[in-house]
Amino acid sequence: LPREVGADLGLEASAVARPDGAFDVTVRARRFAYAVSFDAPGYVPDQNYFHLEPGGVQQCVLQPGPGARSLSGSVSATNAHAQARITIATATA
């Protein structure tokens, strides 16, 4: 368990829509991020409360639940002061 809460971990998350209504999400952190979790109402993450090493990247999927609307949410870490908004990116072919 980290002893210090970091002011800026460089936490960021970007999502790309899939044809099935789910989103592929890439989460990154510049500094160690402890227990990274999602807050995305209407969506269920395939992974939650994972750790990211400095410079780490984690791929996750957000599945829509019943009645899910457009994706709007954030990621946070236990050792971070602030949440990071999930940005919606356009898929590249």
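The values are calculated or read from the model by the stated rules, or taken from the named source; none is laboratory data. Computed from a predicted model, the values in this text were never measured in an experiment. Cβ atoms come from the backbone with ideal geometry, glycine included; neighbour counts cover every protein chain shown. With ligands, DNA and RNA removed, areas are computed over all heavy atoms of the protein, side chains included. Shrake-Rupley method; radii C 1.70, N 1.55, O 1.52, S 1.80 Å.
General observations
- Rounded accessible area of THR87 (nearest 10 Å², 1.4 Å probe): 80
- With θ taken as phi - 60° and the Karplus curve 6.51 cos²θ - 1.76 cosθ + 1.60 applied, the whole-hertz 3J(HN,Hα) list for the stretch 50-59 is 9, 9, 10, 6, x, x, x, 9, 10, 9 Hz, x standing for glycine and proline.
- A dipole drawn for the stretch 5-93 from +1 and -1 charges on Cβ atoms has a positive end, and of PHE23, GLY65, LEU9 the residue lying farthest that way is LEU9.
- Peptides 68-76, 33-41 ordered by packing proxy, namely the average of other Cβ atoms within 10 Å per residue, highest first: 33-41, 68-76.
- Size of the chain: Rg and Dmax of its alpha carbons, in Å, are 13.1, 43.
- The chain - percent relative contact order, Cα under 8 Å, separation 6 or more: 36
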